[in-house]
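Report on the structure given below.
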Amino acid sequence: MFKKLSLLNKLILMMLGAAMLTAAGTALWVSQGLETLDLPIQLEQPQLFAVPQGTAFSQVARQLEQQNLVPDSLWLRVYGKLHPQQTLVKAGEYEFIDGQSPKNMLQMMIDGDTKHWALQFIEGWTFADARKALAAAPRLQQKTADWSNAEIMTAVGAEGEHPEGWFFPDTYLFISSNSDLDVLQRSFDRMQSVLAEEWAARAADLPYKTPYEALIMASIVERETGAAHERKQVAGVFVRRMHKGMRLQTDPTVIYGMGDQYKGRITRKDLQTHTPYNTYRIDGLPPTPIALAGREAIHAALHPADGKALFFVARGDGTHTFSHTLAQHQRAVRQFQLNRRSDYRSSPAPVAPEEDATESSSTQQEVQEKQP
């Protein structure tokens, strides 16, 4: 009997030993497998990874393996079982790069650190230009593609408003779940904020009754010069002309009023044709802005430079010559406009989708103008 017990004990000890060895081996195997989650992956270029809404963690792990972002999804799933809080990944699109570890990627998805794309609205663009940029933006959901301008303005909270000028030019980041309307709303809200801030700090004795009139002037300043240091000087000329009851006579407003009829140059006939935007034919400001104005142009319109200049003419290098009298202006026109040099350009750094050939308040009709 004692011999039987002895044999049984030995068998039990052997089984326990085998079990312990198996457990130790399994633990080592699991430990080594989990360590692979800390090893960097190798990618020749950044790779996008999408997590649809409602995707289970096990599905995320298997998809990572299918895209060769983890060597074996088993260890990611085991890690999730051991650390349930590390399975709460957020839906979205992520960008993984060379050298990241699976744990790094997992943490990005837990944090919701999704891939962002950039879309830029440029100073001096029209609203039509902005809509083209939205339509061409990859990864941006197209919600307003077949909407009218009026429908867009209603959606952003400005029903009945003309869209031109109401959207702030800036760089906007978006994720794949955003729509073009999301970007437009942010741009509209940003313009509201900037315009209110600048209007509150405006200079005294300005010819504007409302912030909107200041925005109209800012859009003209934006289109008149690409030289940042000239913005306040240009605004000063226009403000003094308004105070004196002179017409603004600025070519960009004429071009805007021509619409699709503008083909790169304006003629005497164009200057004589009445449109609501032809500031050679109307008094004061046009009815709406003519472009997207940046903060600097808005600030210039509300803080015009002091001086006596009532005229300016493009030099052909993107800057202008400012004149106090009509006689001075006529001489400048003869020097810079009537005998244009071969490398003449209207702006120092064109950024609009299509460079135009405006003459920046320097047409021959203005040369014939009489001072008030």
Query raised in the report: Are any of the residues in the stretch 288-298 part of a strand (DSSP E or B) and either in contact (Cβ under 8 Å) with a residue 40 or more places away in the chain or more than 25 Å from P163 (Cα to Cα) (or both)?
Result: no
Query - Complete set of residues in the stretch 301-319 that are assigned to a helix (DSSP H, G or I) and closer than 19 Å to Q249 by Cβ - result: A301
Query raised in the report: Restricted to the stretch 46-66, and to residues that are loosely packed, with under 13 Cβ neighbours inside 10 Å and touching a residue at least 12 places away in the same chain (Cβ under 8 Å), which residue is farthest from T87 (Cα to Cα)?
Result: P46
Requested in this report: Check R231, R265, R202 and return the single one that is closer than 13 Å to L302 by Cα and open to solvent by 60 Å² or more (accessible area, probe 1.4 Å).
Outcome: R202
Query raised in the report: Consider V221 against the criteria (1) more than 25 Å from the chain's Cα centre (by Cα); (2) part of a helix (DSSP H, G or I); (3) within 12 Å of A300 (Cα to Cα); (4) not aromatic (F, W, Y): it satisfies all of them except one. Which criterion is unmet?
Result: (1)
Query raised in the report: Given G236, G259, which one is on the phi > 0 side of the Ramachandran plot and over 21 Å from the mean Cα position of the chain (by Cα)?
Result: G259
Report summary line: Residues of the stretch 90-122 being on the phi < 0 side of the Ramachandran plot, without any contact (Cβ under 8 Å) to a residue 40 or more places away in the chain and assigned to a loop (DSSP other than H, G, I, E, B), in sequence order, are K90, D113
Requested in this report: Starting from the stretch 141-162, take each residue that is open to solvent by less than 50 Å² (accessible area, probe 1.4 Å) and list its partners that are among the β-branched types (V, I, T) and assigned to a loop (DSSP other than H, G, I, E, B), counting only C-beta distances under 6 angstrom and pairs at least six apart or across chains.
Outcome: I152/T144
Report task. Would you be able to say whether some residue in the stretch 246-255 is open to solvent by 50 Å² or more (accessible area, probe 1.4 Å) and within 14 Å of A301 (Cβ to Cβ)? Result -> no
**Report entry** Selection from the stretch 165-202 of residues that are within 12 Å of A130 (Cβ to Cβ) and under 13 Å from the mean Cα position of the chain (by Cα)
**Finding:** F167, F168, P169, D170, Y172, D180, V183, L184, S187, F188, M191
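The values are calculated or read from the model by the stated rules, or taken from the named source; none is laboratory data. Every value quoted in this text rests on a predicted model; they were computed, and no experiment measured them. Don't worry about glycine lacking a Cβ; one is built from the backbone with ideal geometry, like all the others, and counts go over all protein chains shown. Heavy atoms of the whole protein, side chains included, go into the accessibility calculation; ligands, DNA and RNA do not. Shrake-Rupley method; radii C 1.70, N 1.55, O 1.52, S 1.80 Å.
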